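Worksheet for the structure shown next.
Since every read-out is calculated from the coordinates, none of them should be taken as a lab result. This is a predicted model, so every value here is computed, not measured. Because the Cβ atoms are built from the backbone with ideal geometry, glycine has one as well, and the counts that use them run over all protein chains shown.
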Amino acid sequence: MIKVRELSVSFETSSEVIEVLHKLNFSVEEGSACAVVGPSGSGKTTLLNVLGALLPASSGSVTIGGKDLSQMKEQDATRFRNQELGFIFQQHHLLPQLTVLENVLTPRLAGNWSESEQETRKRAHALLERVGLGNRLNHRPSELSGGEKQRNAVARALINQPRVILADEPTGALDSQTGEKIADLLLELQKEHGTTLVLVTHDLSLAQRIGRIYDLGNTPTS
Ligand SMILES: Nc1ncnc2c1ncn2[C@@H]1O[C@H](COP(=O)(O)OP(=O)(O)OP(=O)(O)O)[C@@H](O)[C@H]1O
Ligand SMILES: [Mg+2]
């Protein structure tokens with residue numbers, strides 16, 4: 001499903017070029033899960049941004065479902081992000097002026113949504129129940145705790161029933177019990193729907209539960 005070959009990513013600042021990822025190689029089978037670990041600054045968010053077609057590789061290649069991301073036109077990349085990908089950001093990126101329910105419905109606005117609005121609302125409601133926000137539908141993000149915002153963002157990432165979920169420390173802001181519930185949900189979806197899951201975490205017990213661990217602090221270069 002996901003194949004990363006000799007992937008390098010550098011950032012150019014005014015004074016220097018920093019190579020954050022150097023010749024990474026790994027793959028994630030369709031329908032399986034992989035944890036990405038590594039110290040702060042090792043490039044975990046950068047890697048996820050590349051996998052989500054939000055950031056170009058400096059060299060090397062990434063293919064998802066047989067499509068080479070670097071060969072995709074912007075239009076195809078947008079379609080991929082809207083229809084096939086669920087991205088859970090390290091910072092939740094909820095829209096402050098919208099309610100919890102409306103935030104979950106925002107992916108609909110990007111177009112090409114085949115389902116009726118009523119049907120999407122029903123699923124949004126069910127997803128919010130599932131992440132424990134069923135009684136908060138009409139609240140605004142500013143009225144939620146950090147963990148509740150994160151759970152709202154998880155529900156938003158799942159509304160398009162993505163084939164691939166990229167989750168950047170989705171349990172980082174949560175207490176261990178709530179974090180476990182979110183991890184359970186993501187792993188259930190991966191098993192029930194054959195979703196491919198790449199999850200960044202600092203939580204070693206969660207990484208071990210996922211089973212496959214890719215350690216950016218200790219990356220083999222071949
Ligand atoms: N746009 C950018 N321009 C320059 N440097 C960047 C940029 N984005 C990230 N970096 C640098 O790349 C390195 C990796 O950043 P990244 O956010 O991927 O780390 P991380 O592993 O996700 O860390 P954390 O665990 O703290 O979230 C950092 O040293 C960061 O300063
Ligand atoms: Mg990060």
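Between ARG212 and LEU55, the simple spin-label model (points 7 angstrom out along Cα→Cβ) gives 2.2 nm.
Each of SER32, SER61, THR106 was placed along the dipole of the chain (beta-carbon charges, centred on the mean Cα), and the one lying farthest toward the positive end is THR106.
Based solely on its DSSP helices, what 222 nm [θ] is calculated for the chain when runs of n ≥ 4 H residues each add -39,500 (n - 2.57) and the sum is averaged over all residues, nearest 500 deg cm²/dmol? Let's see the in-between values first.
Values: 7 runs with 80 residues, N = 222.
Rounded to the nearest 500, it is -11000 deg cm²/dmol.
Please identify which residues in region 124-152 have an amide N closer than 13 Å to a label point set 7 Å out from the Cα of LEU95, following the Cα→Cβ vector. So the set is 141. Taking a straight Cα-Cα cut-off under 19 Å and skipping sequence neighbours fewer than 8 places away in the same chain, the lysines within cross-link reach of LYS149 are LYS181. The GNM of the chain, with springs linking C-alpha atoms under 10 angstrom apart, assigns the highest mean-square fluctuation among VAL164, VAL154, VAL50 to VAL50. How high is the relative contact order of region 2-215? Use alpha-carbon pairs under 8 Å, at least six apart in sequence, and give a whole percent. The normalised contact order for region 2-215 reaches 28 percent. The antiparallel fraction among DSSP beta bridges confined to region 2-215 stands at about 50%.
Can you tell me which lysines have their Cα less than 18 Å from the Cα of LYS3? Leave out same-chain residues fewer than eight positions away. Within the straight-line cut-off, LYS3 pairs with LYS23, LYS44, LYS67. In summary, the aspartates and glutamates within cross-link reach of LYS122, defined as a Cα separation below 18 angstrom excluding same-chain residues under 8 places away, comprise GLU102. Counting only the backbone N, which residues of region 13-46 are under 19 Å from the spot 7 Å out from the Cα of ARG5 toward its beta-carbon? Answer for this model: 22-30. A Gaussian network model of the chain, with springs between Cα atoms under 10 Å, assigns the largest mean-square fluctuation among GLU169, GLU180, GLU12 to GLU12. Neighbour counts of C-beta atoms inside 10 Å place LYS149, LYS181, LYS191, LYS44 in the sequence LYS191, LYS181, LYS149, LYS44, starting with the fewest.
Charge dipole (Cα centre; +1 on Lys/Arg Cβ, -1 on Asp/Glu Cβ; no other charges) of the chain amounts to roughly 380 debye. Per the Kirkwood formula applied to alpha carbons, region 2-215 shows a radius of gyration over Rh ratio, Rg over Rh, of 0.96.
Taking label points 7 Å from Cα along the Cα-to-Cβ direction, GLU117 and SER142 give a separation of 2.6 nm.
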